[in-house]
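As structure tokens, the structure follows; a few thoughts come after it.
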């Protein structure tokens, strides 16, 4: 299936290669570089590139292209999904997935890749199994290893691959048993010029951090499971139980994992927590443009809107922007024309605003496109859809775990058209 | 110099490897792996490295393996040194060591060791550990690519491994099967059911491979579930509620889905919930290629969900949706907004979304789509704007209602400042005008005016062509344009020059008086042009249009040649012919057949022998299918209903008193009685006789196979079939009714809801048949507008009383009663479930009781509309008629208002919120209601009423009893 993998950085250097079958020359990447040159933006490189003898399937994450070389028919999503899984694993192991991190840990990377694919077919992609096979590097372990000469590679071969619950390793022990669940919801919305919602939907995830001894069997129930319209589960969730009783029943993996992601049914009206008043105008014949932006809270259920960040791609004709924020700081990059304004928290009594003028190229006609405004924000302790966890029960173990639930609402792709 | 350094370093590494210290060796290996990762050649260290293959240190050993696999091909002789180590490890008691030895051994691409590998694989394939067997499955592919001559032996191993029952092995062996012998479909037969049942528990990557393989398999083994008549297809999303029986009844030759086909569809469905996007896509393509059209809608939501994923995933999924949306608009229409473009999307994502939006456009939604497209035109991404204009053009040609609107919009764009926008609009307008030129001479005039300002060659050329083609419509302007062109001819682009020559020729033919000189001037200019194309064209045109002694017959036809009516270009989707490829494949993505693509065969006309899939050995009962059916809620309600009717019967009908108290004994005694009965009444009509026999047979069939799940679908099928004789499923109109489904006896509870009990009383000569049917009706006037966030609670009290629907006197023996079950309806919030009890009190068996379609459709569609306009909410009634073989009885159900409400439990806070909402409704919306059209007003009224009832419910929770 997957023949080879090349890692290419933003400046177009191949800094790592790995082959699972016979070696494919790195000159195959020339086709990729061609496509890269043709693309105006790094994101515009087509994910699947045909070449005379191979197919290149690439994903771009953290400004690194992961280019897989394929020789024959294979479902492209299979490869794409796998590549993303590789990136997730790297991130899990090294904290960040950057060129430097990969270069520093090249041996671990190689060991990981070796375990993840056998002859191009995925073998062990479950992070729990991998972590048993190859211990993630930590500073302490590196120091100890250099002194004692012991290794990163697990002395015992993993049991997970053989068990019926491959996602959980056996013999887990904690002194403090705890299970935390984060319900994080993202609002994707497009708001039109007049402030009315064109489309809005809520996507949510339940991320878990479970540190429990032994083989606990958990059930999690919601107050209002009918809200969940379309769900996808971690493989540990018993699907039949969900179908029948709308209860999540599972033996959790050890550590952090995504239990569930869901979509809230679209019949529900989505509460839009912020509104934007904007006035961006260019006058014909003058080299000045007006820029006014005011943010305000709306339908926040009494919670504060925090970490607000506004960004907008201004028209190419704009040379500079001279703005005055009532709070926070703003930056304008004259090269990329990207305006970003770090607002912080919205105070309902004193609404944050950004006002001022933009200078345009003299002589050039007024730009006829309208910039869109992208907004990011966070609201703590609120799941905007109203989803509530009812209770969490544990079976199979004697001790009493510490349980915690946290709710958060974030902006996903939240755009305001002007 | 550099080379020297490198050698030095290698020397250095060699020393380290040959030292005695483990840590030094490890350090050296780590550095070597670093070299390999960078793509540098480290092959000359082979002898030094290979010595460490038997090291005790696991990490060191692993790194040596990495090295070995990388360079063995280049250093074959030296690689052989390591083989004995692996051979020893293959006998290790630890399964994981055996597995890893096999893994490395098979990865060493040295032809000499093929026999050793073959032996190792054969041995590993019978290993006790499933993990080792999995590794063996992987090794099969490696050996096959190393030496294809081993194919026959390898197929034997594959055959053996396919029989494996472990979920670990399944994915890998199917992968090997796909690689080595994808055409040996016969190997799958016996394993088909096992694979279907194991599928849920196989690891995700294996699932993808198995699903793709099974898709191909199913296309060769089952007959097509798709019906011929396209009309049905068109509506099939809307007739979502239609049950399977209907299709069968409608068809002249009833189609019965192979139970194995059904098994595959059923077992893959839960995988739509997988977190792995590849699995979701695989299931989606399976449904697309295999499921009956009306079941397709289940995949829509999941596909739309994938759009939230990474950019690359979006790209592939959107491509597949684009192909699907051409054939089946309805699937994605409700999710249209998910395809709205965001300014942050990558360009190829944007164009795909546009493509889909254009595919989805129809008369109803075109205005929304056009409004959306209008905002895209203002985008900063000019390539995207150009694509948008193309899309508008396509909408305009596909939907004739909006052609004018689109044209006007495009004409406005002509004054846009951006050249690419203008050029694209001109090109699209040209195409549009070609379809209906006569009405649009003003647009052509407008374009002529703009001509001076447009500089993009393609656009200029397009305008010139338009002038020439429709010079009759603009007789005054065209010569003037030609005059201007004559001035600037030399400085134009080639493509513009060519069109100028064309324009000149056409004008010469239609209006030679004004343009003769101009034409000759232009032809002269063209004659000496640098470009030979233009010189050629000029020469050709001159010969054609200017009559002289040399030119033959051709010039007489010049007018007919040049002014021939030209067919308008067809604007169609680029994804039009993509469906020749299996969805979700690489070939589909690239729209060209890629290496190793396996074509999906067409459905066979006659299904191949089904019995090949029957496995002789009785397998332990799999849990897979059963709980899904037994546990689901509707099943429960059906069960409950069953016991209800039991009580009822005992109370009401005295003849039934002999019927047993417990269900089990009943069903058994029944069949006995039944046989008695049939003996006794042997003299009576043969028809009814036959029927009873079938009944009896069914009973017997039910009892036998209860635990063997592979049989159950068979008997269900026959049941369904049987039931068809009684009940023709019907639809009133798409919105109002969905019906009637299946059976419950003690042995069977199926998640579809009809229940049915039959009782034969020995003492009585006539057969009494009692039939209970669950109806789900939507009373159109009031539907649930209760917000979904409020959870409907179960009814506190369900009245036992049933209402008369058809009296036995009027019904000539057939009587019908109905009762509201107050259970949530499985067909959706806007439906009410209804229990219908049919009983026969006549002497003769009544046959073919069904709800007649003819009368009901006609009448009811009308009726419902009437209700809609009356704005009533009290008494939406369902009218239909019963037919038996001879007679037809019209009946109607008038529900009390209370039956149409959902009971709700809510907290006080929620209540206040809802109350607030309804207050807002009354104050604001009703006040301004006049402005809304009637239909809008109606909607608000409905909501208002619902809110009112909500309030009612809150204040009087026991009110429901009175309804």
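The values are calculated or read from the model by the stated rules, or taken from the named source; none is laboratory data. Keep in mind it's a predicted model, so treat the numbers as computed, not measured. Cβ sites come from the backbone with ideal geometry, for glycine too, and all protein chains shown count toward neighbours.
Here are the numbers for this structure:
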read-out	value
The one condition in (1) assigned to a helix (DSSP H, G or I); (2) at pLDDT 85 or above; (3) over 44 Å from the mean Cα position of the chain (by Cα) that residue B:91 fails to fulfil	(1)
Criterion violated by residue B:178 - all others in (1) away from chain A (no Cβ under 13 Å); (2) crowded, with 19+ Cβ neighbours inside 10 Å satisfied	(1)
Helices (runs of 4 or more DSSP H) contained entirely in the range A:8-104, each with at least 3 residues that are closer than 20 Å to residue B:38 by Cα and within 11 Å of chain B (Cβ to nearest Cβ)	A:99-104
Residues of the range B:122-149 satisfying the condition of being more than 12 Å from chain A (Cβ to nearest Cβ), buried (at least 19 other Cβ atoms within 10 Å of the Cβ) and within 40 Å of the chain's Cα centre (by Cα)	B:125
Search result, residues across the range A:237-253 that are touching a helix residue (DSSP H, G or I) at 6+ places or on another chain (Cβ under 6 Å), modelled with pLDDT under 90 and closer than 23 Å to residue A:127 by Cβ	A:239, A:253
In the range B:354-368, the residues that are within 12 Å of chain A (Cβ to nearest Cβ) and surrounded by 22 or more Cβ atoms within 10 Å (Cβ to Cβ)	none
Test: residue in the range B:38-51 that is crowded, with 18+ Cβ neighbours inside 10 Å and closer than 20 Å to residue A:134 by Cβ	no
Condition met for residue A:148 (more than 8 Å from every other protein chain (Cβ to nearest Cβ) and modelled with pLDDT under 80)	yes
Among residues of the range A:182-207, those that are more than 21 Å from residue A:417 (Cα to Cα), surrounded by fewer than 21 Cβ atoms within 10 Å (Cβ to Cβ) and more than 12 Å from every other protein chain (Cβ to nearest Cβ), counted	3
Residues satisfying the stated conditions in the range A:255-269, i.e. surrounded by 19 or more Cβ atoms within 10 Å (Cβ to Cβ) and either more than 24 Å from residue A:173 (Cβ to Cβ) or away from every other protein chain (no Cβ under 11 Å) (or both)	A:260, A:261, A:262, A:263, A:264, A:266
Strands (runs of 3 or more DSSP E) fully within the range A:294-392 counting 2 or more residues that are under 21 Å from residue B:343 (Cβ atoms), more than 23 Å from the chain's Cα centre (by Cα) and in contact (Cβ under 8 Å) with a residue 12 or more places away in the chain	A:318-325, A:329-333, A:353-360
Within the range B:45-59, considering residues that are over 18 Å from residue B:84 (Cβ atoms) and at pLDDT below 85, the one farthest from the other protein chains (Cβ to nearest Cβ)	B:57
Sole residue being at pLDDT 80 or above and in a helix (DSSP H, G or I), chosen from B:606, B:612	B:612
Residue B:103 vs. criteria assigned to a loop (DSSP other than H, G, I, E, B) and either closer than 22 Å to residue A:18 by Cβ or away from chain A (no Cβ under 14 Å) (or both)	no
Search result, residues across the range B:7-31 that are within 14 Å of chain A (Cβ to nearest Cβ) and surrounded by 15 or more Cβ atoms within 10 Å (Cβ to Cβ)	B:16, B:22, B:23, B:24, B:25, B:26, B:27, B:28, B:29, B:30, B:31
Qualifying residue in the range B:437-448 (condition: in a loop (DSSP other than H, G, I, E, B) and over 30 Å from residue A:338 (Cα atoms))	yes
Given (1) more than 9 Å from chain A (Cβ to nearest Cβ); (2) modelled with pLDDT of 85 or more, index of the condition residue B:34 fails	(1)
Within the range B:570-590, tally of residues that are more than 9 Å from chain A (Cβ to nearest Cβ), closer than 21 Å to residue B:213 by Cα and part of a loop (DSSP other than H, G, I, E, B)	3
Tally of residues being assigned to a loop (DSSP other than H, G, I, E, B) and more than 10 Å from chain B (Cβ to nearest Cβ) across the range A:226-237	1
Yes/no for residue B:355 being closer than 14 Å to residue A:198 by Cα and either under 26 Å from the mean Cα position of the chain (by Cα) or touching a residue at least 24 places away in the same chain (Cβ under 8 Å) (or both)	no
Matching entry among B:267, B:320, B:276 (being under 11 Å from the mean Cα position of the chain (by Cα) and in contact (Cβ under 8 Å) with a residue 24 or more places away in the chain)	B:320
